[in-house]
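Read through the structure below, which is laid out as structure tokens, and then see the notes.
Each reported figure results from applying straightforward, stated rules to the coordinates on display, with no laboratory input. No experiment lies behind these values; they were computed from the predicted model shown. Note that we place each Cβ from the backbone using ideal geometry, even for glycine, and neighbour counts take in every protein chain shown.
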Amino acid sequence: MDKFEEKMNEIDQMSKENKRITLNQMKSDCICPICPTYNECAKEVDELLFCITGKSETCITKERGCMCPTCPFAQEYEIGIKYNFYCTRGTELEQRK
């Protein structure tokens, strides 16, 4: 199990409230808003942290460039290189399957 899987297991073990708080804290550090693929629609509905939350529900449909490899969270947990474009392709764990 790698660092990212360990972090996801840790989050999965949290209460609903602690999970919400943790994900909101992680969203505050998210660099998705500076990505070329991120758009106004995603901003308006507060879609972030796609590596964990998964694909954009309806806002992001075109890949215009990917910042995932440069994201501090991705670098800390060693993700974003092999799999990326989480906003259109799904979470890190979904792409690993």
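With P(r) over Cα pairs in 5 Å bins from 0, in percent defined as stated, name the option among [x] 2, 12, 24, 22, 15, 10, 6, 4, 2, 1, 1, 0; [y] 3, 13, 25, 28, 19, 10, 3, 0; [z] 3, 14, 26, 27, 18, 7, 3, 2, 1, 0 computed from the structure displayed.
For P(r) over Cα pairs in 5 Å bins from 0, in percent, the calculated option is [y].
Which of Lys55/Lys82; Lys16/Lys97; Lys7/Lys27; Lys19/Lys82 have a Cα-Cα distance over 22 Å? Display every interim value, and only then the final one.
On the way: Lys55/Lys82 17 Å; Lys16/Lys97 26 Å; Lys7/Lys27 15 Å; Lys19/Lys82 26 Å.
Among Lys55/Lys82; Lys16/Lys97; Lys7/Lys27; Lys19/Lys82, the Cα-Cα distance tops 22 Å for Lys16/Lys97; Lys19/Lys82.
Below 13 angstrom from the Cβ of Glu63, what's the summed charge of the other residues (Lys, Arg +1; Asp, Glu -1)?
+4
Between Ile21 and Cys41, what length in nm is gained on full extension when 0.36 nm per residue of separation is reduced by their alpha carbon distance? Walk me through the intermediate numbers first.
On the way: separation 20, 0.36 × 20 = 7.20 nm, distance 2.36 nm.
Answer, rounded to one decimal: 4.8 nm.
At R0 = 41 Å, how high is the FRET efficiency between Thr61 and Gln13 if r is their beta carbon distance? Nearest 0.05 is fine. If you can, show how the numbers build up before the last one.
On the way: r = 34 Å, r/R0 = 0.82.
Calculated transfer efficiency: 0.75.
On C-alpha positions alone, give me the angle between the axis of helix 3-12 and the longest principal axis of the chain, in degrees, nearest 10.
80 degrees
If you place +1 on the Cβ of every Lys and Arg and -1 on the Cβ of every Asp and Glu, how big does the dipole about the Cα centre of the chain come out, in debye to the nearest 20? Can you show the working numbers first?
Details: 14 positive and 17 negative charges, 47 e Å.
Rounded to the nearest 20 debye, it is 220 debye.
Relative to the longest principal axis of the C-alpha atoms of the chain, give the angle of the C-alpha long axis of helix 16-28, reported between 0 and 90° and rounded to the nearest 10°.
Long axis of 16-28 versus the principal axis of the chain: about 50 degrees.
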